[in-house]
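The next block holds one structure in the form of structure tokens; read it before the comments.
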Amino acid sequence: MENIPVVKIGLIAVSRDCFPIALSEKRRAAIAEQCGAKKTEIVEIKTTVENELDMLKAVQEAKDAGCNALCVFLGNFGPETPETLIAKNFDGPCMFVAAAEGDGDMINGRGDAYCGMLNCSYNLGMRHLKGYIPSYPVGTAGEIADMIADFIPIARAVIGVTNLKIITFGPRPQDFFACNAPIKGLYEIGVEVEENSELDLLVSYKEHANDPRIPAVCEDMKKEMGEGRYYEDLNVRMAQFELTLLDWAEKHKGSRKYVAFADKCWPAFPNEFGFEPCYVNSRLVSRGIPVSCEVDIYGALSEYIGMCVSGDTVTLLDINNSVPKYIYDDGIKGKFDYSLTDTFMGFHCGNTPSCKMCADRAVKYQLIQHRLLEPAGSDPDITRGTLEGHIAPSDITFYRLQCDSEGVLRSYIAEGEVLPVATQSFGGIGIFAIPEMGRFYRHVLIAKRYPHHGAVAFGHYGKRLFEVFKYLGIADIAYNQPKNLPYAGENPFA
């Protein structure tokens, strides 16, 4: 995947000066050995931190080694001030873990890191510093090596978000107020935004006419889709647009390392550009550059976070329509352990990457826009350019990070799957099943006023997403609660 960080973790051991420093150093070396055995690449920082000067030296050593994340290891009780100041002086996410006893005697081989982790957390709080602490942060060398491996996708998301610029084109659509949200929340977590007009995009697109790179992009599109699955006469226009976006990203990311787009794709777009942008959007997200529909800024951000935690491409879908009972009875009931209200159809015009779709995928036209923008009974022209077909069966995580109308960031996460059942409908679409979706729909999506767009990661990544949202300071992380755990406001007598 392009456009997401490569994480390089430095391992720093700390030591309280009234405990043997050799204990921390021996335990640090054991972790490094376990990481090597488990194929987890780390940089073992040789400076052991006992005081503030050691802290500065160790942080500089990590920076010089190119580290962008740290694991701060309490090999014994640890020095409270220096160890927490590591997080202040290092520009990147820091995980704090502690050594379990058992690798030596209980006199000179006892480190009391179990106790030291309490003071470490207390001091991080006093200094208002962020530190990632695993669900149980005390472990053997092998267990801490596993914690480091689990930390990598979390660190990747945090690094990505704090180095991300979201580039938008066009005001958010009038009739889709759900895509409007205060951008204040973006700045609070370190994301930059560049807002542009659709006219800016159109001008740049026209400047790319006859770009010498267009033929190569057209050939790549043909190869991706296969003969009979694309419009030959449309490829040049779409290739021109793809190059326009890629060039804009490169020229406008400025001081940021990573980019995402949130574009206005209707109703003016097809009239002026001569096609629908969905297939191009799918191609960019397949290589790590989200392009959300309807200027959904938080949708683009959510997609980007999902790519970082999964290391794979994602999509953005409408939580769109209920599954008809006749489809449920014929294709789901008795075959899968889901009720009718556990299921729904996830749909968008055609932005899901082709690698996540079934063999029926093809570049087609957007039926809804065709009704609105082209004469009744005419052949589709400017409304062509969607990537339609069924989304391939897969485990999925449906999730979103959103800023509410009061400027407060909140999120939801729900794991489920795409079922191998035909939708009998159009678009890029699939039948999704999430346990207790009916209750989740009412008491989270509706009650907490989430928009209709949800990001989809292809696999179960709820644990990682939860930790990322928690690290970013999101207090409200909703999920699909089981029946025995009622939601706030859910009628217990229903």
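Rounded to the nearest 20 debye, what is the charge dipole size of segment 9-154 about its Cα centre when +1 sits on each Lys and Arg Cβ and -1 on each Asp and Glu Cβ?
240
Taking a cut-off of 18 Å, what percent of all Cα-Cα pairs in segment 9-154 are separated by more than that?
49
Rounded to the nearest whole Å³, what is the per residue volume of the convex hull around the Cα atoms of segment 280-375? Write down the numbers at each step before the final one.
Details: hull volume 14.7 nm³, N = 96.
Hull volume normalised by residue count: 154 Å³.
What's the long-distance tail for the chain, i.e. % of Cα pairs beyond 37 Å? Before the final figure, lay out the partial values.
Values: 43969 of 121771 pairs.
Result for the distance tail: 36 percent.
For segment 103-116, take each phi angle, set θ = phi - 60°, evaluate the Karplus expression 6.51 cos²θ - 1.76 cosθ + 1.60, and give the result in whole Hz per residue in order, putting x for glycine and proline.
9, x, 6, 9, 10, 7, x, 9, x, 6, 5, 4, 6, x
Ranked highest first by average number of other Cβ atoms within 10 Å, how do 8-19, 251-262 line up?
Numbers: 8-19: 23.0, 251-262: 18.2.
My ranking of the peptides, most packed first, is 8-19, 251-262.
Taking the 0 to 90 degree range and rounding to the nearest ten, how far is the long axis of helix 297-310 tilted relative to the main principal axis of the chain, both from C-alpha atoms?
60
From the residues ASN351, ALA209, SER405, which one has its Cα farthest along the dipole of segment 164-479 in the positive direction, the dipole being from +1 and -1 charges on Cβ of Lys/Arg and Asp/Glu about the Cα centre?
Value computed over the given set: SER405.
Mean projection of the alpha-carbon convex hull of segment 120-205 over all orientations, in nm²? List each step's numbers first, then the result.
Working: hull surface 36.6 nm².
Orientation-averaged projected area of the Cα hull: 9.1 nm².
What does the charge dipole of segment 192-289 about its Cα centre add up to, to the nearest 20 debye, if the Cβ of each Lys and Arg holds +1 and the Cβ of each Asp and Glu holds -1?
On the way: 13 positive and 19 negative charges, 67 e Å.
Rounded to the nearest 20 debye, it is 320 debye.
Helix 235-252 against the longest principal axis of the chain: what's the angle in degrees, Cα atoms only, rounded to the nearest 10?
It is inclined by approximately 30 degrees.
With charges only on Cβ, +1 for K and R and -1 for D and E, what is the dipole size of the chain about its Cα centre, in debye, rounded to 20? Intermediate results must be reported in sequence, preceding the final value.
Values: 49 positive and 65 negative charges, 93 e Å.
Computed charge dipole of the chain: roughly 440 debye.
Mark the label point 7 Å from the Cα of SER121 along Cα→Cβ and return the residues of segment 138-170 whose backbone N is within less than 13 Å of it.
138
List, in order, the whole-Hz ³J(HN,Hα) value for each residue of segment 35-46 obtained from phi through the Karplus relation with A = 6.51, B = -1.76, C = 1.60 and θ = phi - 60°; use x for Gly and Pro.
Listing the rounded values in order: 4, x, 5, 8, 6, 9, 7, 9, 10, 7, 7, 7 Hz.
Return a whole-number percent for the relative contact order of segment 9-154, with Cα pairs under 8 Å and 6 or more residues apart as the contact set. Could the numbers behind the result be given before it?
Working: 283 pairs, mean separation 40.4, N = 146.
Across segment 9-154, relative contact order equals 28 percent.
Give me the angle, in degrees from 0 to 90, between the Cα long axis of helix 141-161 and the longest principal axis of the Cα atoms of the chain, rounded to the nearest 10.
Value to nearest ten degrees: 40.
Can you give the % of DSSP beta bridges in the chain that are antiparallel, to the nearest 5? Each step should come with its number before you reach the end.
Details: 35 of 73 bridges.
Among the beta bridges of the chain, antiparallel pairing accounts for roughly 50 percent.
Here, each number is a calculation from the coordinates, and none is a lab measurement. Every value quoted in this text rests on a predicted model; they were computed, and no experiment measured them. Every residue, glycine as well, gets a Cβ built from its backbone with ideal geometry; the counts of neighbours run over all protein chains shown.
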